[in-house]
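Student: Can you read through this structure? Questions will come right after.
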Amino acid sequence: MEAGTATDVPQWHVVGDWFDVCRCDIPCPCEFAQAPTDNWCQGVLAWHIREGHYGDVSLDGLSVIAVAQFEGNLWAGETKATMGLFLDEQADESQREALQMLFGGQAGGFPADFAEFIGEVRGVEFVPIEFEVADDLTSWRAEIPGKVLASAEALTGPMTPPGQLVQLHNPPGSEVGPGQVATWATATADRAQDAFGFEWEREGKSSKHIPFDWSGP
């Protein structure tokens, strides 16, 4: 990814859905800005832009998926993550450039802050991405056929009121920035294969959904 300069980054704004599935026990301690279960984390992060623009380039409906791992407490500055990034192949040339600027951190806003936690990017690929989030937040799913599958169903239990979600307000380790609400879930699939050297398959561990609303530069 080539870095831009302050003068060539247009005004931009994106709103959408983010979720992850990871190897942490429920609830993932990272969301509380603590060290992950067993002091290491590995999983899938998925973003879907419901509405957005980068200057006059529309980003509506585009998705991004990352596979990542790290050891130690990321939020305490003990470590940085290793990541591989998949971008939506539906994007045309101008949209691809915009996505790389945004998610590479060169366009400012919260993604620039998040990029500080990434120590190594193993690569960037453009691939077909399927992304679904239930309107009532009872489930979510993302897939790159043959490479990545991530899905979850909203967490519930004997003391959860019928029809209610298990949520966390103002999580101190929010991966999409401050002031949002995380909805907890149980991962029904967490799979990576031939994904920048990452290989894993598990289920039954932690997942959470958080909406994002970013702007910049």
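Student: If packing is taken as the average number of other Cβ atoms within 10 Å across a peptide's residues, how do 141-153, 91-103, 165-177, 14-26 rank, most packed first?
Tutor: My ranking of the peptides, most packed first, is 14-26, 141-153, 91-103, 165-177.
Student: Given 0.36 nm per residue, what is the gain on full extension from Phe32 to Glu116 after removing their alpha carbon distance, in nm?
Tutor: Length difference between fully extended and current span is 28.4 nm.
Student: For the chain, what does -39500 (n - 2.57) per DSSP helix run (n ≥ 4), summed and divided by total residues, give at 222 nm, in deg cm²/dmol to the nearest 500?
Tutor: Value at 222 nm, helices only: -2500 deg cm²/dmol.
Student: Dividing the alpha-carbon radius of gyration of the stretch 6-209 by 2.2 N^0.38 Å (N being the number of residues), what value is obtained?
Tutor: Taking the Cα Rg and dividing by 2.2 N^0.38 Å, one obtains 0.98.
Student: Quick one: dipole size for the stretch 6-209, taken about the Cα centre, charges +1 on Lys/Arg Cβ and -1 on Asp/Glu Cβ, in debye to the nearest 20.
Tutor: Around 500 debye, computed over the stretch 6-209.
Student: Tell me the angle of helix 93-103 to the major Cα principal axis of the chain, expressed in degrees between 0 and 90 and rounded to the nearest ten.
Tutor: 50 degrees
Student: Only Lys, Arg, Asp and Glu count, each charged at its Cβ (+1, +1, -1, -1), so figure out the dipole size of the stretch 46-153 about its Cα centre, rounded to 20 debye.
Tutor: The dipole of the stretch 46-153 has a size of about 340 debye.
No lab work stands behind these numbers, since they all come straight from the coordinates. Bear in mind the structure is a predicted one, so any value in this text is a computation, not a measurement. With ideal geometry, Cβ positions are generated from the backbone for all residues, glycine too; neighbour counts draw on all protein chains shown.
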